[in-house]
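> This is the structure I want to talk about, given as structure tokens.
The values are calculated or read from the model by the stated rules, or taken from the named source; none is laboratory data. Nothing here was measured: the structure is a model prediction, and the numbers come from that model. Glycine gets a Cβ as well: all are built from the backbone with ideal geometry, and neighbour counts include every protein chain shown. These accessible areas exclude ligands, DNA and RNA; they are computed on the full protein's heavy atoms, side chains included. Shrake-Rupley method; radii C 1.70, N 1.55, O 1.52, S 1.80 Å.
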Amino acid sequence: MKTALVTGITGQDGSYLAELLLEKGYHVHGVVRRSSTFNTSRIDHIYRDPHEADARLFLHYGDLTDGQNLTNLVLDVQPDEIYNLGAQSHVRVSFDVPAYTVQTVGIGALNVLEAARQLNKTKPTRVYQASSSEMFGEVKETPQTERTPFSPQSPYACAKVYAFHQTVNYRKSYDMFASNGILFNHESPRRGETFVTRKITRAATRIKVGLQEKLYLGNLDAKRDWGYAKDYVEGMWRILQHDEPDDFVLATGETQTIRTFLDYTFGTLDLDWNQYVEIDPRYFRPAEVDLLLGDYSKAKAKLGWSPTISCKELAELMVQHDMVLAKNEAASK
Ligand code: NAP
Ligand code: GDD
């Protein structure tokens, strides 16, 4: 039975990955930040009292900016696999808090690699680094592959480029099993509510039941390659099961504008989004990433990984989930 350590376990991907690893029989250890209110709502349904004999999910307080804490944790838990998913992951917010973003995303990844290096002296461990399509930024070619040069356009993306290169550097310098997943945007009903897809599905369903009148957005012309988060955590796992460490793009190979996502979402609800959406310049970014479109053929060939859900199906799935929330909210008024 394998043991995994997951940073960012309370986030969208961390919660799906924890479910997947538990299904596969792993012992799962998650790093959670102390906060003044509980931040474990995405994993509460899989958490059991750790005193129970069959408990396999364990949570530990920690923070990516605290390298000593991470090293102690890694040496204590002795994980076979480490998934570094923790991050200040909001691109727009990274312009407001650049130094904090670089600390968590960049130095945080270095802290994880250093902790893994210490463990590696006595026990082999494998590291997954959550790299991002945002690293392609002002894209140099389309579609983007593992060989496309990076051109980051935000403090977040710059920090992810640093973390990517450190992961490759630790692989080469210390002969470590350290791999990057270069993941394009992936969404789900568990997506944070300030990312554009979830912001749209939450608003459209609240508008449908009469709880909201307007939806304020920024740039509607950007194009994103949107997939389903559950597919992508399966890809993360496959990256660490591969016979050698490597870097892989996970994407759908299709791209849509925000307008198209609005069409899908409001269309499912028989609404015309043009009547409800207004532009608020607050949501524009100092620098925008105009187009992301991934080529996942390497992951398909080497890992047997492919996405299973189209963007339209994803929008429908998210609307279905958020409609229940909206109806419950309306009923409680
Ligand atoms: P998310 O929902 O924003 O989750 C981020 C997680 O990181 C949360 O568990 C958060 O804890 C934790 N975290 C934040 N700051 C931390 C710190 N200083 N120390 C320890 N943990 C910290 O992000 P996600 O969508 O699941 O993404 C997972 C990872 O993949 C991130 O690294 C992200 O940058 C990367 N990525 C995401 C996508 C995507 O489209 N979703 C695409 C490419 C790459 P709290 O719950 O306490 O806030
Ligand atoms: N968040 C947000 N809010 N984005 C908006 C809005 C709005 O009101 N209006 C338009 N957008 C546009 C953004 O300008 C961007 O072009 C696009 O919608 C997607 O924004 P996000 O959903 O915030 O995602 P992101 O592409 O910036 O970043 C996500 O994907 C990356 C992978 O490419 C995050 O999950 C990152 O952590 C991840 O690395």
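> Rounded to a whole number, what % of the accessible area of the stretch 37-101 do carbon and sulfur atoms account for, probe 1.4 Å?
Details: 1850 of 3510 Å².
C and S atoms contribute 53 percent here.
> Give me the tail of P(r) for the chain as a percent: Cα-Cα pairs with distance above 34 Å. Each step should come with its number before you reach the end.
Numbers: 12623 of 55278 pairs.
Summing the P(r) tail past 34 Å for the chain gives 23 percent.
> Where Lys and Arg each count +1 and Asp and Glu each count -1, what net charge lies around Ala326 among other residues with Cβ under 9 Å from its Cβ?
Working: positive: Arg202, Arg206, Lys208, Lys327; negative: Asp322, Glu329.
Charge balance near Ala326 sits at +2.
> Fully extended, how many nm does the chain gain between Ser173 and Val97 (0.36 nm per residue separation, minus their Cα-Cα distance)? Mind showing how you got there, number by number?
On the way: separation 76, 0.36 × 76 = 27.36 nm, distance 3.17 nm.
The Ser173-Val97 span can extend by a further 24.2 nm.
> Mind giving me the nanometre distance, one decimal, between the label points for Thr257 and Gln320, set 7 Å out from Cα along Cα→Cβ?
Those two pseudo-labels are separated by 2.9 nm.
> Ok, one more. Quick check: at a probe of 1.4 Å, how many percent of the accessible area of the stretch 236-313 sits on carbon and sulfur atoms? Let's see the in-between values first.
Values: 1750 of 3810 Å².
Ligands and nucleic acids excluded, carbon and sulfur reach 46 percent.
> Which residue, chosen from Gly8, Tyr232, Met135, occupies the Cα position most advanced towards the positive end of the dipole of the chain, where the dipole is computed from +1 (Lys, Arg) and -1 (Asp, Glu) charges on Cβ about the Cα centre?
Going by the Cα projections, it comes out as Gly8.
> Sort 240-247, 5-12 by packing, meaning the average of other beta carbons within 10 Å per residue, with the highest value first. Don't skip to the answer; put the middle values down first.
Working: 240-247: 14.8, 5-12: 26.1.
Per-residue mean Cβ counts within 10 Å order the peptides as 5-12, 240-247.
> Note down the accessible area of Tyr47, probe 1.4 Å, to the nearest 10 Å².
Around 90 Å² of this residue is reachable by solvent.
> Given a 1.4 angstrom probe, what's the average accessible area per residue across the chain, in square angstrom?
Working: 14580 Å² over 333 residues.
Per-residue value: 44 Å².
> If the chain between Phe284 and Leu220 were fully stretched, how many nm would it gain, using 0.36 nm times the residue separation less the Cα-Cα distance? Intermediate results must be reported in sequence, preceding the final value.
Details: separation 64, 0.36 × 64 = 23.04 nm, distance 0.98 nm.
Computed gain between Phe284 and Leu220 is 22.1 nm.
> Just grab the label-to-label distance for Arg33 and Glu329, each label 7 Å out from Cα along the Cβ direction, in nm (one decimal).
Here the modelled spin labels are 2.3 nm apart.
> Distances over 19 Å make up what percent of all Cα-Cα pairs in the stretch 133-217? Numbers along the way, then the final one.
Values: 2050 of 3570 pairs.
Of all Cα-Cα distances in the stretch 133-217, 57 percent exceed 19 Å.
> While we're looking at this one, here's another question. Relative to the first principal axis of the alpha-carbon coordinates of the chain, what is the inclination of helix 155-174, with its axis defined by its Cα atoms, in degrees from 0 to 90 and to the nearest 10?
Rounded to the nearest ten degrees, it is 20.
> Taking the Cα centre of the chain as origin, sum charge times position over the Cβ atoms of Lys and Arg (+1) and Asp and Glu (-1), and report the length of that vector in debye to the nearest 20.
Numbers: 38 positive and 43 negative charges, 64 e Å.
For this selection, approximately 300 debye.
> I would also like to ask the following. If packing is taken as the average number of other Cβ atoms within 10 Å across a peptide's residues, how do 99-109, 276-286, 175-185 rank, most packed first? Please report the intermediate quantities before stating the final value.
Working: 99-109: 20.9, 276-286: 12.3, 175-185: 23.6.
Per-residue Cβ counts within 10 Å, averaged per peptide and sorted highest first, yield 175-185, 99-109, 276-286.
> Any chance you could list the semi-axes, whole Å, largest first, of the equivalent ellipsoid that the Cα gyration tensor gives for the stretch 50-174, using √(5λ)?
Details: eigenvalues 162, 59, 36 Å².
They are 28, 17, 13 Å, listed largest first.
> May I ask which residue of His51, Thr37, Gly67 lies farthest towards the positive end of the charge dipole of the stretch 11-95, with charges of +1 (Lys, Arg) and -1 (Asp, Glu) on Cβ and the Cα centre as origin?
With unit charges placed on the Cβ atoms, the residue in question is Thr37.
> Note down the magnitude of the dipole of the stretch 1-145 about its Cα centre, charges +1 on Lys and Arg C-beta and -1 on Asp and Glu C-beta and zero elsewhere, to the nearest 20 debye. Please report the intermediate quantities before stating the final value.
Values: 13 positive and 17 negative charges, 55 e Å.
About 260 debye.
> How far is helix 67-77 tilted off the main Cα axis of the chain, in degrees rounded to 10, range 0 to 90?
70
> Select from Arg190, Arg34, Arg238 the residue whose mean-square fluctuation is largest in a Gaussian network model of the chain (Cα-Cα springs shorter than 10 Å).
In the Gaussian network model the winner is Arg34.
> May I pose another question? Measure nothing but the geometry: give the 0 to 90° angle between the long axis through the Cα atoms of 108-120 and the longest principal axis through the Cα atoms of the chain, rounded to 10°.
Helix 108-120 sits at roughly 30 degrees to that axis.
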